[in-house]
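Right, one structure below, let's go through it.
The values are calculated or read from the model by the stated rules, or taken from the named source; none is laboratory data. This structure is a prediction, so every number in the text was calculated from the model and none was measured. With ideal geometry, Cβ positions are generated from the backbone for all residues, glycine too; neighbour counts draw on all protein chains shown. Just the protein is used for accessible areas: all its heavy atoms, side chains included, with ligands, DNA and RNA removed. Shrake-Rupley method; radii C 1.70, N 1.55, O 1.52, S 1.80 Å.
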Amino acid sequence: NAGVTQTPKFRVLKTGQSMTLLCAQDMNHEYMYWYRQDPGMGLRLIHYSVGEGTTAKGEVPDGYNVSRLKKQNFLLGLESAAPSQTSVYFCASSYRGTGRTGANVLTFGAGSRLTVL
Amino acid sequence: AQTVTQSQPEMSVQEAETVTLSCTYDTSESDYYLFWYKQPPSRQMILVIRQEAYKQQNATENRFSVNFQKAAKSFSLKISDSQLGDAAMYFCAYRASGTASKLTFGTGTRLQVTL
């Protein structure tokens with residue numbers, strides 16, 4: 001059982017380049033999230049999805065786009081990377097609702113370190 | 001908006017001793033969940049313990065326990081019999097109950113465990 005898998009784990013970009021981070025989960029979770037982690041700031045929510053075909057903005061969405069074409073995948077895109085997007089990115093997923101075992105508990109991927117020069 | 005505050009950027013504890021990490025939060029919701037996550041150098045986020053706000057009893061998981069004070073909006077983590085493997089970054093997090101409730105994190109406390 002792989003849980004939440006993020007690819008790639010590391011990436012170096014030049015300013016203005018584009019890239020996509022892929023998140024895949026095999027737990028049949030309805031909800032999926034993208035967070036970024038910066039020193040001294042904890043984790044901040046970028047975008048999230050409550051189901052296939054739906055996405056919504058989080059706390060820091062500017063400069064990012066997302067798509068959830070399949071329930072198990074959640075893609076985070078940077079169209080024109082900027083040095084301010086240098087960060088560690090985490091994907092997470094969870095069940096919907098409160099009645100199911102594990103509901104309201106997020107399972108995280110291992111993180112993706114992105115450096116923008 | 002909900003906020004989570006961890007006022008201790010760094011803490012240190014000797015092996016086998018007990019340490020308490022502080023967390024306060026601000027919310028107008030009545031139904032919510034609180035969590036402590038551990039992030040070791042591997043970067044993986046690991047759930048340590050969770051607390052449902054409607055439960056008065058404090059959650060416990062082996063050497064980890066919480067002191068949940070709902071009226072004071074305080075949620076501290078106590079680690080007993082500290083071990084070298086407990087050294088990590090610890091994040092307190094809040095999640096409101098309901099549809100698409102998102103996790104709001106504190107800024108973290110780095111715990112060092114010394115011999």
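Miscellaneous remarks
- Accessible area that becomes buried as B packs against A, both chains, 1.4 Å probe, Å², nearest 100: 1900
- Phi angles of region A:46-53 translate, via the Karplus equation with coefficients 6.51, -1.76, 1.60 and θ = phi - 60°, into HN-Hα couplings of 8, 8, 8, 9, 9, x, 4, x Hz per residue; Gly and Pro are given as x.
- Computed with a 1.4 Å probe on the full set of protein chains, the accessible area for residue A:26 sits at about 80 Å².
- Ligands, DNA and RNA are left out, and with a 1.4 angstrom probe the accessible area of region B:3-114 is 47 Å² per residue.
- Between residue A:73 and residue A:115, the distance separating the two model label sites (each 7 Å from Cα on the Cα→Cβ line) works out to 2.9 nm.
- 28 Å Cα-Cα threshold exceeded, pairs from A:14/B:38; B:73/B:102; A:57/B:55; A:9/B:73; A:9/B:78: A:14/B:38; A:57/B:55; A:9/B:73; A:9/B:78
- Rounded accessible area per residue of region A:4-94, 1.4 Å, Å²: 45
- Shown is the FRET efficiency for residue A:10 and residue B:30, computed with R0 = 30 Å from the Cβ-Cβ distance and rounded to the nearest 0.05: 0.10.
- Neighbour-limited loop hits for trypsin sites (Lys or Arg not before Pro), region A:1-80 (at most 14 other Cβ within 10 Å; DSSP other than H, G, I, E, B): A:9, A:14, A:70
- Ignoring aspartates and glutamates fewer than eight residues from residue A:71 along the same chain, the ones with Cα atoms less than 20 angstrom from its Cα are A:26, A:30, A:52.
- Residue-wise HN-Hα coupling along region B:48-55, computed from phi with Karplus coefficients 6.51, -1.76, 1.60 (Hz; x: Gly, Pro): 9, 6, 9, 9, 8, 5, 7, 8
- Heavy-atom accessible surface of region B:3-114: percent carbon and sulfur, 1.4 Å: 44
- With θ taken as phi - 60° and the Karplus curve 6.51 cos²θ - 1.76 cosθ + 1.60 applied, the whole-hertz 3J(HN,Hα) list for region A:61-77 is x, 5, x, 10, 10, 9, 8, 9, 7, 10, 4, 8, 10, 9, 9, 10, x Hz, x standing for glycine and proline.
- Amide H partners (placed H, <5 Å) of residue A:105, local residues excluded: A:95
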